[in-house]
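Asks: Sharing a structure, written as structure tokens. Questions coming.
Any read-out appearing in this document is the output of simple, stated calculations on the displayed coordinates, not a laboratory observation. As the structure is a computational prediction, the values presented were derived from the model and not from experiment. Because the Cβ atoms are built from the backbone with ideal geometry, glycine has one as well, and the counts that use them run over all protein chains shown.
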Amino acid sequence: MSESGPAKILVRADGTAIAYHRLPGRVPGVMFLGGFMSDMTGTKATALEAHCRRVGRAFVRFDYRGHGQSAGRFIDGTVGLWRDDALAVLDELTAGPQVLVGSSMGGWIMLLVALARPRRVAGLVGVAAAPDFVTRMWQDFTPEIRSRIERDGVYHRPSQYSDAPYAITRQLLAEGRQHLLLQAPVSIACPVRLLHGMLDPDVPWRLSLEVAEKLSSDDVTVTLVKQGDHRMSEPADIARLLAAVDELAEHPAAPPAA
């Protein structure tokens, strides 16, 4: 059974408390990586957990620092810190190969994790994966917003998904540029499945085609859903997600040579 009750806590080396829920089971396990200012209670994360429980597969979902039930302030977060949170969860809370499922920003984090731990990753499933989003965000900002960020260090961007605005900080944008992936081939060889809604207003669906092109893996499939939005949480979308995860978990690729 899944761990019940309150979330468990993983204490990072720097003292940050990372909240998580973990389900024991067979491997390859499944690890869910949420999006920017999202948390582990969303539809995709909980649907994946319920599915893994049904089939007896290990599963873990967690909140990055500054997200959900984890400690820290969102405004202090960066891509590198959130990647390190994900690596800590992979290293300390899972065993054996894992299928990483990354939603939106989590798609960027999953790629960074796969590059750092290639022998631990059996496959990747991206849902509206958004690697390098800081560069597109900056390009889309008006000169006035850019000036505000340079002057104040932060811009509170309205969100259509939450009453709370997104805090876009100068530090987030600057630090994120240290983790850009798509200017060159991405040395990830495991199987990859990318799902993307063509009505996504936040992450253009053509980005998934660019990701597929840059990955070194030959086993990459992109599924475009004509009426799909950014969240991809409708029942048909969830069914596609579960099918992609099952495909990779049931037929995992061999780990790369050491």
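Asks: Per-residue ellipticity at 222 nm for the chain, helices alone: DSSP H runs ≥ 4 residues times -39500 (n - 2.57), over residue total, nearest 500 deg cm²/dmol? Provide the component values of the computation, followed by the final result.
Replies: Working: 8 runs with 90 residues, N = 258.
Computed mean residue ellipticity for the chain: -10500 deg cm²/dmol.
Asks: A further question follows. Kindly state, to the nearest 0.05, the FRET efficiency for GLU234 paired with ARG119, given R0 = 41 Å and r defined as their beta-carbon distance. Spell out each step's value before the answer.
Replies: Details: r = 35 Å, r/R0 = 0.86.
Approximately 0.70, to the nearest 0.05.
Asks: Which residues does the label zone of GLU210 cover in segment 98-134, counting backbone N under 12 Å from a point 7 Å along Cα→Cβ?
Replies: Residues 130-134 qualify, since their backbone N sits under 12 Å from the label point.
Asks: Also, quick follow-up: Let me know the Kirkwood hydrodynamic radius for segment 79-166, please, with Cα pairs as the basis and the value in Å to one decimal.
Replies: On the way: mean 1/r = 0.0675 Å⁻¹.
Across segment 79-166, the inverse of the average 1/r is 14.8 Å.
Asks: If you take the square roots of the eigenvalues of the alpha-carbon gyration tensor of segment 105-258 and sort them as a ≥ b ≥ c, do you get rounded (a/c under 1.5), prolate (a/b over b/c) or oblate? Write down the numbers at each step before the final one.
Replies: Values: a/c = 2.37, a/b = 1.49, b/c = 1.59.
Oblate is the answer for segment 105-258, as a/c is 1.5 or above yet b/c matches or exceeds a/b.
Asks: What order do you get for HIS196, HIS51 when you list them from fewest to most C-beta neighbours inside 10 Å?
Replies: Working: HIS196 25, HIS51 17.
Fewest to most other Cβ atoms nearby, the residues stand as HIS51, HIS196.
Asks: At GLU150 and ALA71, where each label point lies 7 Å from the Cα along Cα→Cβ, what is the point-to-point distance in nanometres?
Replies: Between GLU150 and ALA71, the simple spin-label model gives 3.7 nm.
Asks: Please turn the phi angles of segment 8-22 into ³J(HN,Hα) values with the Karplus equation 6.51 cos²θ - 1.76 cosθ + 1.60 (θ = phi - 60°), one per residue in order, whole Hz, x for glycine and proline.
Replies: Here the 3J(HN,Hα) series is 7, 10, 9, 8, 6, 4, 8, x, 5, 8, 9, 7, 8, 10, 10 Hz.
Asks: In the chain, with Lys and Arg counted as +1 and Asp and Glu as -1 at Cβ, which of these residues, TYR20, MET105, THR43, has the Cα nearest the positive end of the dipole, that is, farthest along it?
Replies: Working it through, the farthest residue towards the positive pole turns out to be TYR20.
Asks: At R0 = 30 Å, how high is the FRET efficiency between ARG170 and ALA243 if r is their beta carbon distance? Nearest 0.05 is fine. Before the final figure, lay out each step's value.
Replies: Working: r = 41 Å, r/R0 = 1.37.
After rounding, the FRET efficiency stands at 0.15.
Asks: Which cross-chain or sequence-distant (5 or more) residues have an amide H under 5 Å from the amide H of GLY197, H modelled 1.01 Å from N in plane?
Replies: Under 5 Å from the amide H of GLY197 lie the amide H atoms of ALA128, VAL225, each far enough along the sequence or on another chain.
Asks: When every alpha-carbon pair in segment 1-118 is counted, what percent end up more than 26 Å apart? Before the final figure, lay out each step's value.
Replies: Working: 642 of 6903 pairs.
Of the Cα pairs, 9 percent sit more than 26 Å apart.
Asks: Among MET137, MET31, MET198, which comes first, second and so on when ranked by fewest other beta-carbon atoms within 10 Å?
Replies: Details: MET137 20, MET31 28, MET198 13.
Fewest to most other Cβ atoms nearby, the residues stand as MET198, MET137, MET31.
Asks: Report, in whole Å, the centroid distance computed from the Cα atoms of segment 108-139 and segment 1-71.
Replies: The two parts, judged by their Cα centres, are 18 Å apart.
Asks: Excluding residues fewer than 8 places away in the same chain, name every one of the lysines whose C-alpha is closer than 22 Å to that of LYS214.
Replies: Result set, ordered by chain and number: empty.
Asks: How many nm separate the modelled label positions at LYS226 and ASP91, each set 7 Å beyond the Cα in the direction of the Cβ?
Replies: 4.7 nm
Asks: Shifting gears a bit: Treat every Asp and Glu Cβ in segment 129-253 as -1 and every Lys and Arg Cβ as +1, leave all other atoms uncharged, and give the resulting dipole magnitude about the Cα centre to the nearest 20 debye. Write out the running numbers ahead of the final one.
Replies: Numbers: 13 positive and 19 negative charges, 99 e Å.
Using Cβ point charges on Lys, Arg, Asp and Glu, segment 129-253 gives about 480 debye.
Asks: How would you rank SER187, SER217, SER70, SER103, going from fewest to most other Cβ atoms within 10 Å of each one's own Cβ?
Replies: SER187, SER217, SER70, SER103
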